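What follows is a short report on a single structure.
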Amino acid sequence: MSMAALFDHLRDHLPVLPILLPLVAGALMLVFDERRRMLKIVLSLITLAALLWVAGALLASALAPEPGQREAIHVYRLGNWPAPFGIVLVVDRLSALMLALAAVLGTASFIFSLARWHKAGPRYYTLFLFLLMGLNGAFLTGDLFNLFVFFEVMLAASYGLVLHGSGTARIKAGLHYIPINLVASSFFLVGVSLIYGVTGTLNMADLAERIPQVSAADRTLLEAGAGILGIAFLVKAAMWPLNFWLPTTYAAASAPVAAMFAIMTKVGVYVLLRLSLLLFGGMAGASAGFGTDVLFYGGLATVAVGLTGVLASQSMPRLAGYSVLVSSGTLLAAVGTQNPSLISGALFYLVSSTLSVAAFFLLIEVIERGRIAGADVLAVSMEFFGDMEEEADPVKEEVGVALPLTIAVLGCGFIACTALLAGLPPLSGFIGKFALLSALMDGAGVRSAATWVFVGLLSLSGFATLIAMTRTGINTFWVPMEAMLPKVRRVEFAAITVLLGLCAGLTVFAGPAMAYMDATARMLNRPSAYIEEVLAVARAGLPAPGANREGGH
Amino acid sequence: MEFLLAIGIGVFAGSGVWLLLRPRTYQVIIGLSLVSYAVNLFIFGMGRLRSGAAPILEKGEVGDPARFADPMPQALVLTAIVIGFAMTALFLVVILAARGRTGSDHVDGLGE
């Protein structure tokens, strides 16, 4: 086989690579001794680079429809069986975007962890790659049960990673995080099997076709199944009141892991966005719009809880955890409206908030390194009880270069994070929030009270974040130098800079990015193209091999 | 048969939920196991109950699909059992670690 032919062959199998590559690399690493770190690092970096390339290629392919296609949707049949019978992977604009986000975030977090966190516990590299595999699989799959399997892969890896670095706080957090997700998985299974019991299919596209035809007697059962299934995703997406585990867990996790967890709440949002519009969009007949009120009002409640938590947080990791809640609530409320212009703004906000929260988690770890333990609680209580005796511990010696500009750079990073999380200009957080607000205020006519509440909460959450971040910033950076001189390695700077730089890039290229999000939201709102593409082969009655380019071999 | 299965699922789920809400880690893990049994039986039930039916097709005939037991939920149950078992084992390790670290088997890691 010539090189070109091999390359062509590889291109046909691109959609399966985001799952296969981390699986093979992660499993391979288990064979080698725990002490051969260099080998594992190189292997992981190669895998991550390959994932970045694949995600880029898939993103490019999602931009250009093939001749005869309405939308650029690529269907990869795993066993080469036509869709409702076999399992498919589907690459469209939304999944390609999420894959790219996961790859970028994974690479940045991994590079950050190379400074020291990767040595903090066993099997880190394998777990990290398996987490990426689960994420990628959840984004790609077109089948509900496969979604369950990939969720479990992702969760199993996250159980290991949350304990990475060990310590009592992490084990205690794991003791809550793990059973809650195990129970959520039970809900997932009950929901999936109820839906199967009523419709007889697990393929998402097939399901979307069958839901309008479900008889009135079975409809209650179907909606009960969808509701129970939704609970599983809402636990992941951290909707109030299913989110009490999140701030503690995210604050306890080691920095690179917490940064990766920033995208795990977004997996829940992703699935809800996809299923809500595919299964219960305009075409769903009597079930159209099922659950949208829960998403909308639940999202608003989550924003309210998140912004209260942001204000009340006494430590930076918890502040970051509550910011995750704010962004997740905003997204859920936007999904609940099923309004394409709002969803396009929400997608932009999703990318921006994931990157900025992840950067913030990484930054916090670097900043906290130079601080006395418990300094945050001290700082907050100082505001109430006046000055306390200053107690400057000698800074522990750490390996690394003491860059002369450390504080200045960290300060700038902190300001960038503040602007991003609070939604202030000039960075992408502002554009995301502005897109949401302008979509809400768009058009003439009377706006409902709910819209005004959404607008109010959006503005208020930005304001609360600004207050909390400013307070934290003052207490952290405006202190005597000797108490605050963290030693930071270059790779750590690089990782944070990449994430914040991407947010800056999103600002500069906001036009094309918004155009992409607009097209994605339009595609999601008209699921018929997705359904047609997935079920095309079965429709035509063709034997699958060679029927179209995406056919597996 | 339906009645028996429904009662079985109900008893498993009920006891499981009760145990899940108890403060001791051992009770929680047994509760999780019971809930997963209930869920597995439930998935199985979603393929409709039928006794004496062939799993896919009878030997040497094409047959009527309506007469056969649905193999799909059975495959799903297998997957769910394997995953549930692995997760329970993993949680057990965390519980042991928590017991060692905090000296207590309370879910919040509190002492006596």
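Based solely on its DSSP helices, what 222 nm [θ] is calculated for chain A when runs of n ≥ 4 H residues each add -39,500 (n - 2.57) and the sum is averaged over all residues, nearest 500 deg cm²/dmol? It comes out at -24000 deg cm²/dmol, rounded to the nearest 500. Shape class for the range A:179-326: prolate, because the ratio a/c of the largest to smallest gyration tensor axis (alpha-carbon atoms, square roots of eigenvalues) is 1.5 or more and a/b beats b/c. Sparsely packed loop sites in the range B:1-106 (the GluC sites (Glu not before Pro) outside DSSP H, G, I, E and B with at most 12 other Cβ atoms within 10 Å) comprise B:Glu58, B:Glu61.
Just checking the output field for B:37-47: average partner chain Cβ neighbours within 10 Å of each residue's Cβ?
Numbers: counts 0, 2, 7, 3, 0, 6, 8, 1, 2, 10, 4.
Per-residue shielding by partner chains comes out at 4.
Past 26 Å, Cα to Cα, is the threshold; run A:Lys119/A:Lys487; A:Lys266/A:Lys487; A:Lys433/A:Lys487; A:Lys172/A:Lys487 against it and keep the listed order. Let's see the in-between values first.
Numbers: A:Lys119/A:Lys487 18 Å; A:Lys266/A:Lys487 32 Å; A:Lys433/A:Lys487 35 Å; A:Lys172/A:Lys487 29 Å.
Violating the 26 Å Cα-Cα cut-off are A:Lys266/A:Lys487; A:Lys433/A:Lys487; A:Lys172/A:Lys487.
Computed with a 1.4 Å probe on the full set of protein chains, the accessible area for A:Glu66 sits at about 60 Å². Peptide A:145-151 is shielded by partner chain Cβ atoms: per residue, an average of 2 of them sit within 10 Å of its Cβ.
Coupling constants for the range A:304-318 follow from the phi torsions by the Karplus curve (6.51 cos²θ - 1.76 cosθ + 1.60, θ = phi - 60°), and in residue order they are 4, 5, x, 6, 5, x, 4, 5, 8, 4, 9, 9, 5, x, 5 Hz; glycine and proline get x. Extension gain for B:Ile7 to B:Gln27 (0.36 nm times residue separation, less C-alpha to C-alpha distance): 5.0 nm. Counting only DSSP H runs of at least 4 residues, each contributing -39500 (n - 2.57), and dividing by the residue count of chain B, the helix-based mean residue ellipticity at 222 nm comes to -22500 deg cm²/dmol. Show me the trypsin sites (Lys or Arg not before Pro) within the range B:1-60 that DSSP assigns to loop and that have at most 13 other Cβ atoms within 10 Å of their Cβ. Of the trypsin sites (Lys or Arg not before Pro), the ones in loops of the range B:1-60 whose Cβ has at most 13 other Cβ atoms within 10 Å are B:Arg48, B:Arg50, B:Lys59. The base-10 log of I(q)/I(0) for chain A, evaluated at q = 0.10, 0.11 Å⁻¹, reads -0.80, -0.97 [Debye formula, identical scatterers on Cα atoms, solvent excluded]. Of the residues B:Val62, B:Val77, B:Val28, the one that moves most in a GNM of chain B with alpha-carbon contacts below 10 Å is B:Val62. Separation of the range B:76-109 and the range A:412-456, taken as the distance between their Cα centroids, equals 42 angstrom. For the range A:1-153, the Kirkwood hydrodynamic radius comes to 16.4 Å, computed from all pairs of different C-alpha atoms. Equivalent-ellipsoid semi-axes for chain B (Cα gyration tensor, √(5λ), whole Å, largest first): 39, 16, 6. The spacing between the range B:10-31 and the range A:172-223, judged by their C-alpha centroids, is 22 Å.
Under the shape rule built on the C-alpha gyration tensor, where the axes satisfy a ≥ b ≥ c, the range A:69-124 is oblate, since a/c reaches at least 1.5 while a/b does not exceed b/c.
Chains A and B: what accessible area do they bury, summed, in square angstrom to the nearest 100, with a 1.4 Å probe?
On the way: alone 21800 and 8020 Å², together 27330 Å².
When A and B are taken together, about 2500 Å² of accessible area is lost.
Where a ≥ b ≥ c are the square roots of the eigenvalues of the C-alpha gyration tensor, would you call the range A:311-371 rounded, which needs a/c under 1.5, or, failing that, prolate if a/b is larger than b/c, or oblate? Provide the component values of the computation, followed by the final result.
Numbers: a/c = 5.71, a/b = 2.28, b/c = 2.50.
Oblate is the answer for the range A:311-371, as a/c is 1.5 or above yet b/c matches or exceeds a/b.
To put it simply, the accessible area of chain A at a 1.4 Å probe is 68 percent carbon and sulfur.
At a 1.4 Å probe radius, which order do A:Leu502, B:Leu78 fall into by accessible area, largest first? It would help to have the intermediate numbers written out before the result.
Numbers: A:Leu502 70, B:Leu78 115 Å².
So, going from the largest accessible area down, we get B:Leu78, A:Leu502.
Based on protein heavy atoms only, chain A ends up with 37 Å² per residue of surface accessible to a 1.4 Å probe. Using a probe of 1.4 Å, the accessible surface attributed to A:Trp452 totals some 130 Å² when neighbouring protein chains are kept in position. When each of the peptides A:185-196, B:89-100 is scored by how many other beta carbons lie within 10 Å of its residues on average, the order from highest to lowest is A:185-196, B:89-100.
Taking the Cα centre of the protein assembly as shown as origin, sum charge times position over the Cβ atoms of Lys and Arg (+1) and Asp and Glu (-1), and report the length of that vector in debye to the nearest 20.
Details: 40 positive and 40 negative charges, 117 e Å.
The dipole magnitude comes to about 560 debye.
Note on A:186-199: average number of Cβ atoms from other chains within 10 Å of each residue's Cβ is 5.
Can you give the Kirkwood hydrodynamic radius for the range A:92-221, in Å, rounded to one decimal and based on Cα pairs? Could you put the intermediate results ahead of the total?
On the way: mean 1/r = 0.0593 Å⁻¹.
By the Kirkwood definition, the hydrodynamic radius is 16.9 Å.
The values are calculated or read from the model by the stated rules, or taken from the named source; none is laboratory data. Bear in mind that the values here come from a model prediction, so they are computed numbers and not experimental data. Heads up, the Cβs are rebuilt from the backbone with ideal geometry, glycines too, and the neighbour counts pull from every protein chain shown. Ligands, DNA and RNA are stripped out before the accessible areas are found, and what is left, the full protein with its side chains, is counted by its heavy atoms. Shrake-Rupley method; radii C 1.70, N 1.55, O 1.52, S 1.80 Å.
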